[in-house]
Amino acid sequence: MADKKDEFREVRNKEGGFLKEVIEKNITRKLIPKGMSWFGCMGGISLVAFLVQTITGIFLMFYFVPGTKEALASIQYITHYVPFGWFIQRIHAVGPHVMIGMVIGHMVRIFFKGIYRHPRELHWVSGSCLFILTLLMYFTGNLLSVGNMDELFTIRLSFLYAVHVAVIPSIMGLFMGMHFFMIRKTGIYEPL
């Protein structure tokens with residue numbers, strides 16, 4: 001029995017060592033370029049805003065019902081009866097404004113510094129696509145808000161909800177993966 005425990009610890013240490021090595025090599029031991037300022041971190045802040053929107057959105061998914069009669073009632077339930085539901089809902093409602101502001105700031109910085117030029121042209125294209133997807137997420141989320149609940153609209157509510165929580169985020173995830181992969185290859189100013 002002791003041999004099995006030792007064997008398990010050895011395998012776990014090898015896996016943990018491998019994971020630790022990958023994290024150190026690709027994340028913790030990377031140096032930040034000397035010219036980087038807070039204004040240069042807007043792309044990362046946009047990612048954090050996206051993650052906050054994802055986390056709060058997943059929380060809201062547990063309570064929101066995209067039905068004709070149930071949508072308004074579920075939002076009222078979240079706001080009044082779910083502990084801190086009003087807070088999570090407000091973060092999810094204000095977060096897109098922060099995210100759009102950070103994405104615009106990021107794109108303005110990239111444009112005026114000329115970082116979109118060779119070899120980073122595809123960064124600009126994927127970033128522009130992410131900006132358009134961010135605006136689509138904002139638009140679909142805004143249509144799902146309480147102020148837009150009327151009888152004619154709620155017929156399409158389920159479809160719009162599916163687009164907002166599954167289709168657009170999946171496409172955004174693909175574009176983010178491409179964007180981050182290209183940044184890893186060519187770097188911000190220089191290869192990372």
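The values are calculated or read from the model by the stated rules, or taken from the named source; none is laboratory data. Please read these numbers as outputs of a predicted model, since none were measured by experiment. Reconstructed Cβ throughout: ideal geometry from the backbone, glycine too, with neighbour counts over all protein chains shown. For accessibility, only protein heavy atoms count, side chains too; no ligands or nucleic acids. Shrake-Rupley method; radii C 1.70, N 1.55, O 1.52, S 1.80 Å.
Overview of results
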{"read-out": "Meets criteria (without any contact (Cβ under 8 Å) to a residue 40 or more places away in the chain, of a type in the set (A, V, I, L, M) and in contact with a Leu (Cβ under 9 Å, 6 or more places away or on another chain)) for Ile55", "value": "no"}
{"read-out": "Filter result for Met102 (under 18 Å from the mean Cα position of the chain (by Cα), open to solvent by 40 Å² or more (accessible area, probe 1.4 Å) and under 12 Å from Gly40 (Cα atoms))", "value": "yes"}
{"read-out": "Every residue from the stretch 143-169 that is open to solvent by 70 Å² or more (accessible area, probe 1.4 Å) and either modelled with pLDDT under 95 or of a type in the set (S, T, N, Q) (or both)", "value": "Gly147, Asp150, Glu151, Leu152, Ile155, Arg156, Phe159"}
